[in-house]
Amino acid sequence: MTFPFKLRLGKRTLRWSGGGLLVLLSIGLHGMLLAWPVPESSPPAPESLTELDDATAVIGVVRLPAAAEPAAEVVAAAPSPQATQAPPPQAPPLVRSVPPAPPTVPAPDQPVEARPEPPPPPAETLGLEPVPPESLPATLDDRLRDPAEYQFNQQAKSLATNDVAFHTTVVPGWLETESQGLGDHEIPVLGSKLAPLQVTSPITTCLTPAPAEGLVGVIVNAAGQLVKEPVLLDSTGYTVLDEKALELALGRSFEPPPGNSLPNPQAHWLPVQVRYSGDSCSP
């Protein structure tokens with residue numbers, strides 16, 4: 001609802017409706033509020049303050065002309081304080097999803113090249129003394145020249161000088177031993193005494209007791225060949241001399257027995273004589 005209001009100005013009459021009055025009234029109230037001094041809450045900084053000599057210099061007043069034609073309503077709206085708006089919320093940072101890495105496929109096993117191992121360092125580098133080469137075993141002739149090899153063995157019986165003991169004790173036992181496991185035509189029969197074996201002792205050291213005469217037995221077939229290895233029947237008293245006598249008997253050649261009608265081999269014996277200069281030896 002509006003109430004018409006008439007204003008006479010000279011000969012013209014202005015007719016204001018209720019809405020226009022409200023606009024004028026609102027402008028006046030805003031002007032009074034702006035002109036009213038407001039106590040400051042905190043003193044401003046000295047350099048930012050501006051001294052105001054006249055309050056009207058800040059607020060502009062709009063005056064209506066006295067004889068103006070009815071015009072469109074002009075509303076001078078006082079600037080209203082703008083509300084402080086909070087800054088718009090920032091969008092969260094864009095996080096790009098990283099695709100998962102493909103699974104690692106193990107490389108196929110490759111053959112490992114065999115590297116040759118370096119040769120071991122020489123013995124001088126390791127500080128080790130070189131190992132001396134193993135000495136060869138002494139030969140029988142070397143042992144004959146060594147006086148330490150002549151140790152009396154206490155086995156000399158001197159059976160060669162006792163023919164009765166030799167034929168009744170030594171020969172039967174020897175033939176029985178050699179005949180074991182043989183056929184009737186292979187059993188040796190008693191032969192004869194052959195030429196002695198000469199063993200020379202190269203040492204000049206005196207031997208106590210002196211070497212005795214030994215005895216070696218051999219079994220020879222009809223062709224004059226050894227059927228078995230020679231056997232020591234009586235010792236000289238020194239093992240190194242006995243071994244040399246067996247070596248000589250093994251290398252001797254034998255004549256076929258004369259007038260032998262039997263195919264059986266014959267058992268012969270050979271005396272062992274040691275050449276030893278007992279008179280000129282040094283003690």
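What's the number of the condition SER135 fails, among (1) within 17 Å of ASP242 (Cβ to Cβ); (2) surrounded by fewer than 10 Cβ atoms within 10 Å (Cβ to Cβ); (3) without any contact (Cβ under 8 Å) to a residue 12 or more places away in the chain?
In the conditions (1) within 17 Å of ASP242 (Cβ to Cβ); (2) surrounded by fewer than 10 Cβ atoms within 10 Å (Cβ to Cβ); (3) without any contact (Cβ under 8 Å) to a residue 12 or more places away in the chain, SER135 misses (1) alone.
List pairs: first residue in the range 216-244 and free of Cβ contacts under 8 Å to residues at least 24 places away in the same chain, second residue part of a loop (DSSP other than H, G, I, E, B) and surrounded by 23 or more Cβ atoms within 10 Å (Cβ to Cβ) anywhere in the structure, Cβ distance under 6 angstrom, at least six positions apart or on different chains.
Listed pairs, sorted by first residue: none to list.
Looking at GLN154, GLN198, can you tell me which residue is of a type outside the set (Ser, Thr, Tyr), at positive phi and either at pLDDT 90 or above or out of contact with any Ser or Thr (no Cβ under 6 Å at 6 or more places or on another chain) (or both)?
GLN154
Of the residues PRO263, PRO256, only one is without any contact (Cβ under 8 Å) to a residue 40 or more places away in the chain and not in a helix (DSSP H, G or I); which?
The conditions single out PRO256.
If you scan the range 227-241, which residues turn out to be within 60 Å of the chain's Cα centre (by Cα) and open to solvent by less than 10 Å² (accessible area, probe 1.4 Å)?
Listed by number, the residues that qualify are TYR238, VAL240, LEU241.
Of all residues in the range 242-253, how many are of a type outside the set (A, V, I, L, M) and open to solvent by less than 60 Å² (accessible area, probe 1.4 Å)?
2
The values are calculated or read from the model by the stated rules, or taken from the named source; none is laboratory data. Here the structure is a predicted model, which means the values were calculated and not measured. Every residue, glycine among them, receives a Cβ derived from its backbone with ideal geometry; neighbour counts consider all protein chains shown. Just the protein is used for accessible areas: all its heavy atoms, side chains included, with ligands, DNA and RNA removed. Shrake-Rupley method; radii C 1.70, N 1.55, O 1.52, S 1.80 Å.
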